[in-house]
Amino acid sequence: MNICEDQTPLDVKAFRAELHALYGALGEDVARLGPVCALSGRCCRFEEYGHTLFLSAPEAALLIADAPSPVRPLDQGASCPWQDARGHCTARDARPLGCRVYYCDPNYQPHAQDLSETFIARLKQVANKHGVPWQYAPLHWHLRRFAEAGTFPRNDENRTTEHNACAH
Ligand code: SF4
């Protein structure tokens with residue numbers, strides 16, 4: 001179950017394909033710019049590096065629905081529970097837009113804001129089309145809500161998952 005503000009489950013099936021199409025288009029635009037990823041894992045250690053990952057309710061719902069079980073406990077906001085001990089993302093296919101657009105390559109960073117604005121606007125259109133609440137908020141705000149609703153972490157016993165070794 002994925003929740004919205006009034007605890008109504010979000011139907012991820014309704015917008016999953018559109019989110020993946022949007023993430024794919026963003027990935028192509030990012031690839032054209034060619035940012036360098038040093039696999040430092042800094043992007044997922046929020047407190048240590050002084051940044052916050054914001055995402056919308058539909059992105060959070062997709063993350064919870066499709067990501068494998070987190071590999072570390074939910075903390076108070078210091079780090080992402082899907083970052084493994086090597087600093088790699090274990091939720092790569094379901095990771096939200098902010099994870100896909102962020103790179104610490106200084107030559108790329110001027111482009112990140114423009115890409116974010118463009119794709120967040122498109123994301124809002126998807127949310128509006130499906131009547132999904134926007135709720136743009138830090139990752140841990142979303143995850144605590146799922147935890148309070150008893151849906152984080154999700155029971156993955158019968159799932160096969162693929163863990164991709166990439167800091168992004
Ligand atoms: S890239 Fe993966 S590990 Fe890093 S913040 Fe995003 S979902 Fe979490």
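Just so you know, all these numbers are worked out from the coordinates, no wet-lab data involved. What you see is a predicted model; the values in this text were computed from it and never measured. Here the Cβ positions follow ideal geometry from the backbone for every residue, glycine too, while neighbour counts run over all protein chains shown.
Based on the alpha-carbon gyration tensor of region 1-97, what equivalent-ellipsoid semi-axes (square roots of 5 times the eigenvalues) come out, in whole Å, largest first? It would help to have the intermediate numbers written out before the result.
Working: eigenvalues 104, 75, 27 Å².
Sorted largest first and rounded, they come to 23, 19, 12 Å.
Build a GNM of the chain with springs between Cα atoms under 10 Å: which of VAL132, VAL36, VAL71 gets the top mean-square fluctuation?
VAL36
Please give me, ordered by residue number, the trypsin sites (Lys or Arg not before Pro) of region 14-116 that lie in loop per DSSP and have at most 12 other Cβ atoms within 10 Å.
ARG86
Test of understanding: in a Gaussian network model of the chain with alpha carbons linked when under 10 Å, which of PRO73, PRO35, PRO96 would top the mean-square fluctuation ranking?
Among PRO73, PRO35, PRO96, the largest mean-square fluctuation in the Gaussian network model of the chain belongs to PRO73.
Tell me whether region 41-136 comes out rounded, prolate or oblate; compute the Cα gyration tensor, take square roots of the eigenvalues as a ≥ b ≥ c, and use a/c under 1.5 as the rounded threshold.
Numbers: a/c = 2.01, a/b = 1.18, b/c = 1.70.
Since a/c reaches 1.5 but b/c is at least a/b, the shape of region 41-136 is classed as oblate.
Springs between alpha-carbon pairs under 10 angstrom, Gaussian network model over the chain: which of LEU115, LEU62, LEU53 fluctuates most?
Among LEU115, LEU62, LEU53, the largest mean-square fluctuation in the Gaussian network model of the chain belongs to LEU115.
Please report the base-10 log of the normalised intensity I(q)/I(0) for the chain, using a Debye sum with one equal scatterer per alpha carbon and no solvent, at each q in 0.10, 0.11, 0.12, 0.15 (1/Å).
Evaluating at q = 0.10, 0.11, 0.12, 0.15 Å⁻¹ gives log10 I(q)/I(0) of -0.35, -0.42, -0.51, -0.82.
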